Structure formats: structure tokens, C-alpha cells
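Reviewing the structure listed below.
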Amino acid sequence: MIQKPAACLECGQQLPIPHRNTMLRHRLCRWKATNRRRRQTAEYRRKEIIRNQKNQRANRERYLQYAKEGRMRLRQKVWDGYGGAICKCCGESHKEFLCIDHINGGGLQHRRYIGVRSGLAFYRWLIKEGFPSGYQVLCFNCNQAKGFSGYCPHKLDSPIPP
């Protein structure tokens with residue numbers, strides 16, 4: 001049986017006789033083809049990364065606004081569950097200042113006990129539990145003063161009846 005000369009798929013030159021049945025390219029041509037595929041793949045990945053970054057930048061503002069609105073809806077739901085978005089101590093109604101207070105103190109230990117770390121996770125827990133008693137809406141100043149000194153200075157400023 002006579003073998004017909006086989007040509008390299010890359011350069012078109014004749015392949016060596018012992019390798020005609022097993023090789024379709026010269027060793028150097030295989031190496032060049034592999035590197036070319038690798039470069040094309042890397043270039044495609046770079047272009048895909050750049051395209052994704054552009055999409056992320058375009059959608060980032062929309063996502064941030066949506067997330068902010070979702071957080072405010074969650075907080076509003078909790079405030080409504082505890083009597084409205086107004087501080088029980090001083091009457092502050094700016095939503096940026098309001099938070100939930102553990103009436104009897106011990107908020108950190110309680111959050112650790114229920115396995116909650118962030119404020120929003122705690123708000124979700126309150127909704128899931130059906131707004132349990134022992135909590136109230138306070139502004140941040142009243143809540144911190146109550147935590148540090150045990151009382152709120154607004155209570156001292158109120159006129160004392162004769």
C-alpha cells in the first residue's frame with residue numbers, strides 16, 4: 001500500500017513519513033495554532049469583561065436607587081408596626097434619624113441570640129415574628145443616650161408639673 005503525501009493543515013508542507021497517520025500539523029504549526037487560539041480566547045474574555053463593566057456602570061445607579069427604596073419600605077413597615085414613624089421620646093419625624101429600640105435594653109445580646117448582625121436583618125426578623133412587644137421607635141439620639149446613660153435628656157428638659 002502506497003501512502004500519499006500528507007500536508008500540514010497550517011503551512012501546507014509535506015509531513016514527515018512516520019507521522020502521516022497520526023499528525024495533521026508540524027510541531028511548530030501546532031504550537032502556533034494553540035497560541036493563536038489562546039490569544040483569541042483571552043481577547044474575547046477581555047472584551048467580555050469590558051462589556052460587562054459598561055453594563056454594570058449603566059445599571060449601578062438604577063440598582064442603588066432600587067435597593068435604597070427597598071430598605072426604606074422595609075423600615076417603614078417596621079415603624080408602622082410600632083406606631084408610626086415618629087420618636088416616642090422627642091417626637092422627631094425625620095426618617096433618616098429613626099431606629100428601633102429595645103425598651104428594656106440588651107439589644108446587642110438579643111441580636112446575637114437570634115443570630116442577626118445588621119439592622120435590616122433585625123427589621124426582617126421583627127416582621128417575621130409579627131412585631132413582638134418590647135420594642136419602640138426612637139430617634140438615634142434618644143436611643144444612644146438611653147443606651148449610654150440609661151435615660152434620655154429629653155425627659156429631663158420636659159417641664160415638671162407642680
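Just for helices (runs of 4 or more DSSP H) wholly inside the stretch 77-162: which have at least 3 residues that are open to solvent by less than 70 Å² (accessible area, probe 1.4 Å)? Can you show your working first?
Details: elements: 107-114, 119-128, 140-149, 153-157.
Qualifying helices (runs of 4 or more DSSP H): 107-114, 119-128, 140-149.
Using the structure shown, decide if L156 is at pLDDT below 90 and under 22 Å from G70 (Cβ atoms). Before you say what the answer is, go through the steps one by one.
Details: at pLDDT below 90: yes; under 22 Å from G70 (Cβ atoms): no.
No, not satisfied.
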Only one residue in I86, I100 is among the hydrophobic types (A, V, I, L, M, F, W, C) and more than 26 Å from the chain's Cα centre (by Cα). Which one?
-> I86
Subset of the stretch 112-150 (residues that are touching a residue at least 24 places away in the same chain (Cβ under 8 Å), of a type in the set (G, A, S) and within 13 Å of Y82 (Cα to Cα)) = G134
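The values are calculated or read from the model by the stated rules, or taken from the named source; none is laboratory data. Since this is a predicted model, take the numbers as computed values, not measurements. Cβ atoms come from the backbone with ideal geometry, glycine included; neighbour counts cover every protein chain shown. Note: accessible area is taken over every heavy atom of the protein model, side chains too, but ligands, DNA and RNA are not part of it. Shrake-Rupley method; radii C 1.70, N 1.55, O 1.52, S 1.80 Å.
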